[in-house]
Amino acid sequence: DPRFASVSCTADAQRRVFTLRRGELLVAVNFGEDPAQLLLEGDLDLLFRTPGRPTFANGRLDLPPHAGVLLGPAGR
C-alpha cells in the first residue's frame, strides 16, 4: 500500500530512537550512543537485525547503540 496514510512514525529526539510502522511491518532504529529499550504490542517476529545484535523477546526490543531491526507478523 503506497499511501502515506498507512504509515506511522515516531521519533524520540532525546533518546535518538526512530520507529516506522507500515501495515504489519515495523522498523526501529537507535541512532543514539546509549542502548534503548522498546516495549511493543502484537505478535511479532524479528525478520532482520543489524550487526549490533539487537534482541527481541516477549514484546521487549533491546537496541544497542547504532542498531536497527525489522519486525513483522509472527509465523509468516
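One residue stands out among those in region 1-56 that are modelled with pLDDT under 95 and among the basic types (Lys, Arg): the one that is surrounded by the most Cβ atoms within 10 Å (Cβ to Cβ), which is 21. Residue count for region 57-69, restricted to those that are small (Gly, Ala, Ser) and either surrounded by 13 or more Cβ atoms within 10 Å (Cβ to Cβ) or under 10 Å from the mean Cα position of the chain (by Cα) (or both): 2.
The values are calculated or read from the model by the stated rules, or taken from the named source; none is laboratory data. Quantities reported herein were computed from a predicted structural model and do not represent experimental measurements. Every residue, glycine among them, receives a Cβ derived from its backbone with ideal geometry; neighbour counts consider all protein chains shown.
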